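Working notes, beginning with the structure itself.
The values are calculated or read from the model by the stated rules, or taken from the named source; none is laboratory data. Note that this is a predicted model, so its numbers are computed, not measured. Here the Cβ positions follow ideal geometry from the backbone for every residue, glycine too, while neighbour counts run over all protein chains shown.
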Amino acid sequence: MFAMRLGSRIHPIFTYSSGNARLARVEQIKKFTVLPAFWEPGGAELTPTLKLRRKPISTKYAAEIQELYA
């Protein structure tokens, strides 16, 4: 479940368990992280046509990606 912390209370925004029920096991979301940066089109992570730039993403967020698979 994704939740947003407001003060001392946690508010659920959405759950991914209902979406996982329709997907094959290899497609299901197991873990995720929310990054502190906003990705702008034409920036380091996205092209102007909103395609992912995989190499800069994997380099810049290597620690976060490694943590997801640990």
Could you tell me how many of the residues in the range 39-58 are outside any loop (DSSP other than H, G, I, E, B) and surrounded by fewer than 10 Cβ atoms within 10 Å (Cβ to Cβ)? 2
Hey, could you check the range 5-38 for residues that are modelled with pLDDT under 75 and under 19 Å from Glu64 (Cβ atoms) and say which is surrounded by the fewest Cβ atoms within 10 Å (Cβ to Cβ)? Arg5
